[in-house]
Structure formats: structure tokens, C-alpha cells
Amino acid sequence: MSRKPTLLMIDAGHFEVSYVINPWMTPEAWSKDRMGHFRAAQAASAALEQALTGAGAEVIRLPGAPGLPDMVFPANAAVVLDGRALVARFRYPERQGEEPLFVDALELFKARGLFEVVEQYPVGCFQEGAGDCIWDATRQHFWAGYGQRSIREAIAVTEDFFGVPVVPLELASPRFYHLDTCFLALSGGEVVYYPPAFTKEAQAVIHATVPKEKLIEASDEDAAGFCVNAVNMGKQIVMAQPRDGLRAVLGERGYTVTGVDLSPFIMAGGGAYCMTLRLDRTRAADAQVQRAAQ
Ligand code: ARG
């Protein structure tokens, strides 16, 4: 019996764009039509959940909290692997209030048997969860973004806690402030990435690690549309509405792409991957998905 991938989502009932901590955030645009954007956000969140369940996932929803609008992006809450969770330390005070709430949520999952160990990065060791730490099932290592939100020092902590290699990638642009905005590792070993988001050194590391035929370059439009910020399960990919080009390239590789209109969340600088946290990610299970995909 195969278990469904389990994804955490947070209700959008407290979502709004009320401050600016990345260049995509536009509180002025939001406040021009608060009710309209709010309603669109509820619909987009429901549509994403439906697309994810349609692609084979089980979605667990938790409520958000007043005054913490970016809780709808639980990818930033923690790094998860093999029943171990390491809770984030947010760089900006606007999001730091999320930390104790996510600690509680993950402790609750631990009590239910989903996790064995829940800890948190040390105080001052900024690391923004799975958004800056992406598991590569093919290569059996994490890719870690740093230089915008997360700090390089967090990488050794991640390596220690999970006992797996972590490959650092320095991010060069405030527009692509989390690794998940510009980097996607797929089950068949392909990596979709947006080169201008990375320093020259980080680009060289990607080229040295991923064979040329497995590297897919995202266009400016793909990146600006948050299409690189996608959820991949087996041969299914769920993302913000893709351009035809990207859909076709992924289709040729055997992937089925489901596009969802996530525009209210893009106003806060987030897409499909940001809006989820994979809770049951394990080395072994992902290796199985990987073998099945070959
Ligand atoms: N407004 C949020 C922030 O700036 C968006 C987070 C998007 N999440 C992500 N994993 N990229 O923190």
C-alpha cells in the first residue's frame, strides 16, 4: 500500500499584504481592493488544495493567526526529513511571531506520530525552512540557499541535525530571496533553475553537480510568474499558471503540470511550493518515487 504525500497548508483567513519584506510585496495594491483580494485569496488557496489532492497528495490544513499574514507560506516554517523537523528562525521581525506557533504545530504532529524529533535552529541562526533548503531525492542531498534570508552558518546546523550533505548556493538577487523561488529539483533528476538569481559561483556548483541534459533553464517570465516555485510529487507538478513553453518542456520529460491562479499570493512574493510544507519527506520513500519514475 502506498501512502499519499502529506502536505501542510495554512488557512488564508488572516492573509493580507500589509508590510514589505521582499520586492514583490505591494500593500498599496492590496489596500485598493482589500475585500476583492481577500476573497480571491480564499479561492486561490482552495484551488491549490484541490490541485494538490488531484495530484495525489493528502493536505492537512491548520488555521493561521491574526497579525501573521505570511503564515500562509509554511514552506518557511521548518526543514523536514525522515521524521525530523528543524524549525526556522526568521530574519524579519514581521515573521518571527510565526516561530512559536510552528513549534507548537510540529510538536502536535510529533504527538500524533508524524515526527520523532522537533528542534529549532539556534537563536540568531537565520534559516527560513524548506524555502531555503530543498531535498534532492536523486542526489540524496539538500540544496541550501543563503545570502538573502538564510545565513551560510545555518548549513552546518542542517547537516548536523539531519546527517545528510547540504550543498550551499548563494542567492544574488533580493527578488529571488528564497531558493524555492528560483530552483526546483524534480523526481526524475531534472533541476529547473533561474540563472540570474544565483552568484557565478553558485551557477558553477549547479553545473558541476547536475548533468547538462538534466538542467532546465527558467525564463524571466517563468520566474516572475512564480512557476519555478512548484510542488512535485512523482510525475505530477502543481504550480502558478505556467507559460506554454515551460509546460511543454516539462511535458516532454513526462511530467503533468497543473496550473493554479495564485495571483493574490504572488502579491506577497509566494507561489505553490511556498504555500505547502511536505511533512512526510524521507530519503527512502523519495528514492522509491525516483526509481518508479525512471
Ligand atoms: N512574504 C513572504 C516573505 O517574504 C513570502 C514567503 C514566500 N515563501 C517562500 N518559500 N518563498 O517571507
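The values are calculated or read from the model by the stated rules, or taken from the named source; none is laboratory data. Note that the coordinates shown come from a computational prediction; the quantities given were computed from them, not determined experimentally. Reconstructed Cβ throughout: ideal geometry from the backbone, glycine too, with neighbour counts over all protein chains shown. Note: areas computed on protein heavy atoms with side chains; ligands, DNA, RNA excluded. Shrake-Rupley method; radii C 1.70, N 1.55, O 1.52, S 1.80 Å.
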Test ARG253 against the stated conditions and say whether it is charged (D, E, K, R) and modelled with pLDDT under 95.
-> no
At pLDDT below 95, open to solvent by 10 Å² or more (accessible area, probe 1.4 Å) and acidic (Asp, Glu) - does that describe any residue in the range 275-288?
-> yes
Look through ALA204, ALA218, ALA230, ALA224 and report the one residue that is among the small types (Gly, Ala, Ser) and more than 19 Å from the chain's Cα centre (by Cα).
-> ALA204
Within the range 169-196, can you find the residues that are open to solvent by 30 Å² or more (accessible area, probe 1.4 Å) and in contact with a Ser or Thr (Cβ under 9 Å, 6 or more places away or on another chain)?
-> GLU170, ALA172, ARG175, PRO196
Do we have GLY124 as outside any helix (DSSP H, G or I) and either small (Gly, Ala, Ser) or open to solvent by less than 10 Å² (accessible area, probe 1.4 Å) (or both) here?
-> yes
Set VAL103, VAL80: member being closer than 17 Å to VAL166 by Cβ and of a type in the set (Val, Ile, Thr) | VAL80
Counting only residues that are touching a strand residue (DSSP E or B) at 6+ places or on another chain (Cβ under 9 Å) and open to solvent by 50 Å² or more (accessible area, probe 1.4 Å), which one in the range 127-159 is farthest from THR209 (Cα to Cα)?
-> GLU153
Report whether or not GLU221 is closer than 26 Å to ASP33 by Cβ, more than 16 Å from the ligand (Cβ to nearest atom) and either surrounded by fewer than 19 Cβ atoms within 10 Å (Cβ to Cβ) or not β-branched (Val, Ile, Thr) (or both).
-> yes
Failed criterion for GLY254 (all others in (1) crowded, with 19+ Cβ neighbours inside 10 Å; (2) assigned to a loop (DSSP other than H, G, I, E, B); (3) not basic (Lys, Arg) hold) = (1)
Restricting attention to the range 1-34, report how many residues are loosely packed, with under 14 Cβ neighbours inside 10 Å and aliphatic (A, V, I, L, M).
-> 2
Does THR199 meet the test of being surrounded by 16 or more Cβ atoms within 10 Å (Cβ to Cβ) and either of a type in the set (Val, Ile, Thr) or away from the ligand (no atom under 15 Å from the Cβ) (or both)?
-> no
Give the range 57-83 a look and list any residue that's assigned to a loop (DSSP other than H, G, I, E, B) and either exposed (fewer than 14 other Cβ atoms within 10 Å of the Cβ) or modelled with pLDDT under 95 (or both), or say none.
-> PRO63, PRO66, GLY67
What is the residue count in the range 70-95 for residues that are free of Cβ contacts under 8 Å to residues at least 60 places away in the same chain and more than 18 Å from the chain's Cα centre (by Cα)?
-> 1
Pick from THR181, THR158: which is in contact with a Gly (Cβ under 8 Å, 6 or more places away or on another chain) and either closer than 24 Å to VAL228 by Cα or within 16 Å of the ligand (Cβ to nearest atom) (or both)?
-> THR181
Scanning the range 232-251 for residues that are in contact with a helix residue (DSSP H, G or I) (Cβ under 9 Å, 6 or more places away or on another chain) and open to solvent by 40 Å² or more (accessible area, probe 1.4 Å), which turns out nearest to SER187 (Cα to Cα)?
-> LYS235
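HIS37 - would you say it is assigned to a helix (DSSP H, G or I), surrounded by 15 or more Cβ atoms within 10 Å (Cβ to Cβ) and touching a helix residue (DSSP H, G or I) at 6+ places or on another chain (Cβ under 7 Å)?
So HIS37 fits the description; yes.
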